[in-house]
1. I need every pair where a residue in the range A:188-209 that is among the acidic types (D, E) has its Cβ under 6 Å from the Cβ of a residue that is surrounded by fewer than 19 Cβ atoms within 10 Å (Cβ to Cβ) and in a helix (DSSP H, G or I), sequence separation at least 6 or different chains.
2. Residue pairs, Cβ under 7 Å, 6 or more apart or interchain, first in the range B:166-194 and without any contact (Cβ under 8 Å) to a residue 24 or more places away in the chain, second surrounded by 21 or more Cβ atoms within 10 Å (Cβ to Cβ) and outside any strand (DSSP E or B). List them.
3. Could you identify the single residue in A:V118, A:V70, A:V80 that is at pLDDT below 90, over 22 Å from A:L228 (Cα atoms) and either buried (at least 18 other Cβ atoms within 10 Å of the Cβ) or within 13 Å of the chain's Cα centre (by Cα) (or both)?
4. With respect to the numbered conditions (1) more than 19 Å from A:I293 (Cα to Cα); (2) outside any loop (DSSP other than H, G, I, E, B); (3) away from chain B (no Cβ under 14 Å), which one is the sole condition not fulfilled by A:D100?
5. What number of residues within the range B:178-198 satisfy the criterion of being crowded, with 16+ Cβ neighbours inside 10 Å and basic (K, R)?
6. Give the residue, chosen from A:I140, A:I172, that is free of Cβ contacts under 8 Å to residues at least 24 places away in the same chain, among the aliphatic types (A, V, I, L, M) and not in a loop (DSSP other than H, G, I, E, B).
7. Would you pick out the residues in the range B:131-161 that are under 30 Å from B:D8 (Cα atoms) and either within 14 Å of another protein chain (Cβ to nearest Cβ) or among the charged types (D, E, K, R) (or both)?
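The values are calculated or read from the model by the stated rules, or taken from the named source; none is laboratory data. Note that the coordinates shown come from a computational prediction; the quantities given were computed from them, not determined experimentally. Positions of Cβ are backbone-derived with ideal geometry, glycine not excepted, and every protein chain shown enters the neighbour counts.
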Amino acid sequence: MENIVDISQAEKVYAVDGIHQGLRNDGRGLMDFRPIVVEFGVMPNTHGSARVRLGQTDLIAAIKLRMRQVKDTEDFSNRVDFYVTCSAVASPDFAGKHGDECAQRIASLLRKAYRNNVILPELKLLKLSKDRYYQTKVDILILQYDGNAVDAASVAAKAALSDMKFIIPTMIARDKGKTVPQMPSKARSQLKSLDISNVPVIVTLNSVGDNTFLDATLEEEQCVGGVLHVGIVPKEEENFMNETEIKELTENCYITLLKNTKPSIFHEEKFDEILTVGIEAATELNRALMLRIEEHKREPKKNADERIESFMGDLQF
Amino acid sequence: MKRFNTYDAYQIRYDGRRFDQIRNINFKFGLYPHADGSVYYEQGCTKVICAVYGPRQSRVRTPDDLCFINCQFSLSSFATQNKKKAQRSMEAGRLLERTLKSVIDRSAYPKTRVDVFCEIIQGDGSNLASCINAASLALVDAGIPVKGVVSAVECGVTRGYICTDLNNTEVRGNAPKIVLATLDGKRESIMVDYKNCLHINQMERMIEAGFDANEKIYACLREAILLRTEELRKIVAVKEL
């Protein structure tokens, strides 16, 4: 990520001065995200998929379920696996193996955030029998990189998980404790999906001197002093709430990821402040994403014959 | 012995095409303005994104100081049913590079490099052929001088009949197939890649079928380029106002 764009010392000073005054190059405030576009079901040959555009950063997340046969499913903790690929289309610096380093960083952050039992309580549905289970693999492909890939990747993963549909086959027992799956007769009416209200959302906080800001672009990433990733599991909210109650609620949520990726020191008092800002931002981002997911669910179901207009359509920034 | 399949009974393939029919082609230029040239190309259900970066400064020097061409052909992990993780096929990359080396006017930009990256996001057969088609469109979008428009098609023998523009079900297995690339739709090949075994008597017919299909694909690509040029001309005209 460091060698994609070279900016001069003068440009860095300009950007940092602006941040100290609360202004950014594209006119945003310190806590503003760029426009985010989330599309579902872009890869019809996968179990679930989503395409997220965060400003100019463009990535696709796709989920594939693979049925695996093992000796005893109790030994396997059913976790979601993440694989991230930085495509060479995004930058010639990602060609060959160079893109893998950046990709590994993002994948390990996502894996850490998803490594607990609270986030997907229905994942045990995917353990079909004593010797077979569905392995969940989330593949993320970065097509265009303009900063803040981690946030976009976490939004894409959550959106793809919400779009995931699968069928639980009936398991028929055979000799020696093995089982064989059998698809139910009316497969289309038995599609299941997972409840994703507890899936984490990650927000990256960048700090320059005393100021923190969200959603850095590619140029801004070259000027920051410290980078902190906060992943939270949103708490349940009731639909009718007034403003004061919401403030209290943001202080009670689970943190699944807290990682400092750029070597820097945070002072103890500042740290609390930064953390509260991060949690608030992540809760807002999650709320917006859940609204979009609800909106998508309420849309009339498309036929299988209709074209997927994601890349061919006119929505460009 | 009566065989029950559409090939023998109705002379059409399982997806409803005749043996010599190519799939629908869709394209969208300029998807990624960060790259010098980019195109999203669909051939049936095979979806390819191709980006061209160049000409750029190069530290690698070729003999005669001609332009250095670097290609990468990448199949993403969700592209096909069976691939486990993302694959960067070296062989296909080399074939792509050799095809483009004979097409790009390398002496126009000495001591520089041109990078062509193809990412297949959904693979439904004819992967290499679609990449070559997408790459030729992307090169035109990047404004790199080329000797002509390359078009490629994959042909093979399925159930005893020679079919062009194979899809995923027809590509699998040990059936013989060739990827044939031509320039400007003429009947001269600039690249042929051949897999598995084929009887020498069938060879000529397969290559003829390949040339015919290439003429059709070239017509589509040429149309695409003309449309894009018109579009760009309108943008330039507006800017000059």
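1. A:D195/A:E122
2. Between residues of the range B:166-194 that are without any contact (Cβ under 8 Å) to a residue 24 or more places away in the chain and residues that are surrounded by 21 or more Cβ atoms within 10 Å (Cβ to Cβ) and outside any strand (DSSP E or B), the close pairs are B:K177/B:L166.
3. Details: A:V118 fails: either buried (at least 18 other Cβ atoms within 10 Å of the Cβ) or within 13 Å of the chain's Cα centre (by Cα) (or both); A:V70 fails: either buried (at least 18 other Cβ atoms within 10 Å of the Cβ) or within 13 Å of the chain's Cα centre (by Cα) (or both).
None of the other options fit; the residue is A:V80.
4. Every condition holds for A:D100 apart from (3).
5. Of the residues in the range B:178-198, 0 are crowded, with 16+ Cβ neighbours inside 10 Å and basic (K, R).
6. Numbers: A:I140 fails: free of Cβ contacts under 8 Å to residues at least 24 places away in the same chain.
On inspection, the qualifying residue turns out to be A:I172.
7. Scanning the range B:131-161 gives B:E154, B:R159.
For (1) closer than 18 Å to A:T136 by Cβ; (2) out of contact with any Phe, Trp or Tyr (no Cβ under 8 Å at 6 or more places or on another chain); (3) not β-branched (V, I, T), each residue gets a yes or a no:
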| position | (1), (2), (3) |
| --- | --- |
| A:Q9 | no, yes, yes |
| A:K12 | no, yes, yes |
| A:H47 | yes, no, yes |
| A:Q56 | no, no, yes |
| A:R66 | yes, no, yes |
| A:Q69 | yes, yes, yes |
| A:E74 | yes, yes, yes |
| A:F82 | yes, no, yes |
| A:T85 | yes, yes, no |
